Structures are given as C-alpha cells and as structure tokens.
Amino acid sequence: MVHDTGEHSHLDRPLPNNAELADVLQAIADYLALDGQSTYRILAYEKAAALFREYPVSVAELALRGELRTLPGVGETIEAKTLEYVTTSSVGLLERLRQRYPEGLLGVMRLPGMGPRKTRLVWEKAGVADLRDLERAAQEGRLRGLPGMGEKTEANLLRALETLAARAAGPEQGRRLRAVVEPQAVRLVTGLRALPQVVAADYAGSLRRCRATVRDIDLVVASIDPAAVMAAFATHPELARVEAQGDTKLAATTHSGLGVDLRVVPPPSYGNLLQHFTGSADHNVALRAHAQRRGYKISEYHVEHLESGRLIPCATETEVYELVGLSFIPPELRENQGEIEVAERGELPSLIELSDLRGDLHVHSDWTDGRASLEEMALAARDRGLEYICFCDHSQSLAMTGGLNPERLRAQIEAIRALDERLEGIRLLCGIEVDILADGRLDLPDDVLAELDFVTASIHSGFSQSPAQIMDRLVRAMRNPLVRSIAHPSGRLLGRREPYALDVETLAKVAAETGTFLEINGSPDRLDLTAPAARQAVALGARLVIASDAHSPKDFENLHWAIGEARRGWLTTSDVTNTRPWEEYGRSNPGSEPA
Ligand code: DGT
Ligand code: CA
Ligand code: ZN
C-alpha cells in the first residue's frame, strides 16, 4: 500500500507518457553535458530518451512492472531514474542540476555553434543565461575577446538565432517525419482490420498522401457497428488516452503524444469517407467546385445529384471520382496542383513504384560513416531485390566521416571488385560521394574520379553562401564530365536545417544540358529534391535518380520514402534513371578518358 504523503500522491494523476519521460531523460543528459560529465554517462541518457520517445507502448507501465531493463541499452541507472519520476513526478538528480544552472542555458547549449564548453564560458564571463542574453551579447560585441571567440563567431551565432526563430514560427513546427509515424499507423490499421466488426480500414490524411511530415494519424473504418469498433480500438496498447468520443468518431493520443483521429461509416459510404479524410483540404475544395460544375455535391457520406436530389453513397474512392467524370487520382497527387484538370482529360501519369527500381546509386559502408561492411550492405540490397548498387562513400574533406583520400579510395575499389567477383545475384559498382568544397573545387582529383564507375557530388559546407556562390559550385560540379549526379541537391534537413540558396531552375537546366542526374535522397529527414522541385526539374528536361543514402542495411527502406516523394512529384519510371539496367547508362569502360 502506498501511503499518501500529504503532497501529491502519484495515484491521483495519470502516468507520464513516453514523450514526457523522454524529455526528463534528455534534460538530465543536457544538464550533465553542461556540467562537463563523461560522454559515456550522457550518451546512456540520450539513447534512452530517444528510445522512449518513439516506443509504441507505455514505458511508465513497463517500469512499474519491473520490465524496463528488457529494453535495449536500459540499465540500472535509467531504470531507477525512470521509476523515480513515474512514482514521485520528479528526479532528485535533475532538481539538483536545475539549481546549479539557469534553465535557459540549455537552449544556449543546443544552438548550433555553441555546445557545453562555450556555454559555460559565456555564462561565467559574459553573464549569458539564456538565448536572449546571448543575442544581446553578440549584438553588442561582448563575446569577441573570450577565448576562441571573435567577430565572426558573433555573426554566426546571430544567424543561427535567426534560423531558430524562423523555424519556431514555421509550418514544420509540431510535425513528425512520415518515416516515424507510418509504421505506427500501419500497426493501428492492422489492429482495426483484425476486428470482426471491421469491413475495411485505412489511414488517410497527409500520411496517405505520403507527405514528408505529418501532424497526426487520421484513420477511417467501414463498419455497421461503430460502438464496438471504438470500444475495442480504445484499448489498443499503443494509445495512451482517449481524448474525446462520439457516436462515430474518436480522438486519442499515442504514448509519444501523437494525435489519432478515428472515423467510422457504414461500408456503402466508405469511399466517400476515405476520399474526404485523405484530403488535402485544397484538393477537396477544388474537387467540390469541379463536381458543382457537373451538377453534383460531394460530402464525406455520399455524392448528391443536385437536379434529382438523389444521394449516391460510394463504397470506393474510384466511384467518387468517376461519378464526377474523373479517373481515380492517386493520393500523392491530391494537392491541387492541376491533378483535377489532368484527370478530366484522362491523362494522369502512371506513377513510379518501388518495384520499378533496379539499382541504388548512393550507398555508404564502414569505410566511412556507414555502420555496416561492404558485404553486409550488398547482401541487404540483394535481399531487397536490387540488381546493382554503387558504393558512394564520403571523400577526404569530410574528416568526421573518415572520408576517403585517393589511396583509401583505390583500396576500397579493389575490395569492392573482389567482393563483386565473389557475390552472386547482385552487381557492385565503385563510386564516391565527392564533396563540393566551399570554393567550388571537387575534393578529389579527376584522375582518381576517372577510375570509378559513378561519381555523385554534393555540398556539405558553406551552407550560408549567397545564391550565386552556391549555384556556381553546383554548376561547376555538373560541368565536370566525370560527375554523373548531384546528391541531396538542396541540403535541407527537416526540422534541423533550412535548404541552402538553391535555384532549381538553373540546376535543372544545367543538369539537362550536361546529362547530370539529380537525386531524390530517401533519408527520411532529407527527401531532397522535394516533390515540387523534382517535378519542375523533369519539366525542364532533367533526369533523376532515386537513392537510399543507406548507412546501414535497414536504410534501404529509404527507397520507400523516396518513392513517396517521387510520386508526389508526378514522376514515372522513364523520369528515373535507376529504373533501367546499369548497362544502359553506366560508363562502359571505367578508367578510360571521359568523352
Ligand atoms: P496534417 O494533419 O497537417 O499533416 O494534414 P492533413 O491533410 O492530414 O490534415 P487534417 O488531419 O487536418 O485533415 C485530414 C483531411 O480531412 C484533410 O486532408 C482534408 C479533410 N478535412 C479536414 N478538415 C477539413 C475542412 O475543414 N474542410 C474540408 N473540405 N476538408 C477537411
Ligand atoms: Ca492529418
Ligand atoms: Zn551520402
């Protein structure tokens, strides 16, 4: 029996959700970093925070059942701190750290360019306790003169503060990566489909349209017994709480604080509901206007024939679209970007699919910052049904990744050729992701690049350069005949970094002229080129490659995310080079002089 201490008993309040627990552990990690503690200790908290944040079932319940240490990387300390928080709503260690340092210092420490050591320095020597203080100190020139800081540091910090402010106000705020949410949505749908009362179930909304980020999960169900469906669904172990419930709707949150909306309609109206909740809102507005012109009114329950007043429920989306004279519009195209007019003419493109990809031209290994060997990567690619892959590890200037100098690259070429001899069922190609240096030169000399089967070039520095400088670098790289593609052309990292000043029109025109491919990079936080840029590039005559940028075997999954972005960009197989066999576009005679 737990005795009431007279303070808040934990029995009075709901268990903390996973996001809250993750925040607590992350705060401990941050304070420990500020405190100058060992990286090892900090990492343990950070890893647990990341694990908890996306864990599908309640971590607090696991902790109370004594099962926390069955999770990977969770040891005694993490278990103790988690239990302490779950049972008392606070952690002693965290409270002590909070008394030692102002809370605003954490924001300062997380600002790009700062870090723990510099944060302590500006706190102790310039009285900076939060981001506001930092901005003022930089503006007033009070940071220059501190060890390791100068005028340039102040300018960089002011720019980083500006970016931070823009992001906090930006449209991506509060959105999550599709790659994080989709697996959970699939599990929820699978749970629904397993219910005897459920005739059909799908996720809808931005997730079904394959947007790179989503705000929530929208679920739709066909059933004649909504009460039974919702009662069963409410007990799903991945839901933390039901927020609201009506006769046919339910709103809940997951353990990570993600919203889940569920709607149930009778099976004959399922097509109407699915169409309505797939959106986008803009597409629906345009569709309704189109229907109106044809004498129909579209709602989430039926299509109404205005003249006769007849109500026509549609079991499938295809019926909805066909009733108003359109062919079925794939969800990825439903953004009001001309899809209704094109569907009316019956000219929608046949969109590319994952199974159309024959090869992957951007794969890393443990020769640089990948986490698996050449062979492990090759076998994983073969298991996924790829016919060929090209290893494109980093080049020497990216020292943090262990980038390859000419000597190591030549050794890697030998290793790849030997492995290719030995392995059946997949062709292995030698390439490089050569860095485009800040001054526009490539990071490796042409004679080395000429020994490779394929060269992709990309920018990893000088992100704040002017549009002219950025484009000059990219154009110069594309004009080198040894460069076959440009990787992640805009440099964006969703939620972390804005794209640099990319001029898509110039990029695409020069790509078309030089025959350089432009990449759609499938890393879930890149998806770069974006769909609109990819569509524009193709219209201007460029050809694309779809690549995983895999750093581990499971990352070949990135091709799935890239295909979503490609479909949103209206791409067909003929727009994407790696839908073809390597022989059709590979350099026939590596090592020879470029044409
Ligand atoms: P999100 O959640 O921001 O990632 O994007 P969506 O598109 O999933 O938006 P959401 O969840 O607010 O609504 C799902 C769909 O429901 C949306 O794409 C279209 C439809 N919908 C929602 N609210 C409205 C509305 O007020 N009017 C119309 N016509 N449709 C709506
Ligand atoms: Ca949504
Ligand atoms: Zn890469």
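Looking at the range 176-265, send over the antiparallel percent of its DSSP beta bridges, to the nearest 5.
70
Name the residue from VAL220, ALA286, ILE563 whose Cα lies farthest towards the positive end of the charge dipole of the chain, charges +1 on Cβ of Lys and Arg and -1 on Cβ of Asp and Glu.
Going by the charge dipole, the pick is ALA286.
Just how large is the dipole of the range 272-344 about the Cα centre, in debye to the nearest 20, putting +1 at every Lys and Arg Cβ and -1 at every Asp and Glu Cβ?
Its charge dipole is roughly 280 debye.
Of all DSSP beta bridges in the chain, what percent run antiparallel (nearest 5)?
Rounded to the nearest five, the antiparallel share is 40 percent.
Using unit Cβ charges (K, R positive; D, E negative) and no other charged atoms, how large, in debye to the nearest 20, is the dipole of the chain about its Cα centre?
Its charge dipole is roughly 980 debye.
What pairs from LYS509/LYS554; LYS249/LYS297; LYS47/LYS81 go past 26 Å between their alpha carbons? Walk me through the intermediate numbers first.
Values: LYS509/LYS554 35 Å; LYS249/LYS297 23 Å; LYS47/LYS81 14 Å.
The pairs that break the limit, which is 26 Å between Cα atoms, are LYS509/LYS554.
Rounded if a/c is under 1.5, else prolate if a/b beats b/c, else oblate: with a ≥ b ≥ c from the C-alpha gyration tensor eigenvalues square-rooted, which is the range 447-595?
Here the range 447-595 falls in the rounded category.
Report the one residue of LEU354, GLY113, MET471 whose Cα lies farthest in the direction of the positive end of the charge dipole of the chain (charges on C-beta: Lys and Arg +1, Asp and Glu -1; origin at the Cα centre).
GLY113
Nearest-5 percent of antiparallel DSSP beta bridges in the range 354-584?
DSSP beta bridges in the range 354-584 are roughly 10 percent antiparallel.
Check cross-link reach from LYS118 to the aspartates and glutamates: straight Cα distance under 17 Å, and skip same-chain residues fewer than eight apart.
Straight-line reach from LYS118, under 17 Å: ASP30, ASP35, GLU103, ASP130, ASP133, GLU135, GLU151, GLU154.
In the chain, if the dipole is taken from +1 on Lys/Arg beta carbons and -1 on Asp/Glu beta carbons about the Cα centre, which of PRO330, ALA165, VAL86 is farthest to the positive end?
Highest projection toward the positive end goes to ALA165.
Once every Cα of the chain carries one equal point scatterer and solvent is ignored, give the base-10 log of I(q)/I(0) from the Debye formula at q = 0.07, 0.08, 0.09 Å⁻¹, two decimals.
Values, matching the q order: -0.54, -0.70, -0.89.
Suppose the chain between LYS297 and ARG422 were pulled fully straight at 0.36 nm per residue; how much longer would it get relative to their current alpha carbon spacing? Numbers along the way, then the final one.
Working: separation 125, 0.36 × 125 = 45.00 nm, distance 6.31 nm.
Separation in residues times 0.36 nm, less the Cα-Cα distance, equals 38.7 nm.
Bear in mind that the values in this text are calculations on the coordinates, not laboratory data. These numbers come from a predicted model, not from an experiment. Virtual Cβ from ideal backbone geometry, glycine too; neighbours counted across all protein chains shown.
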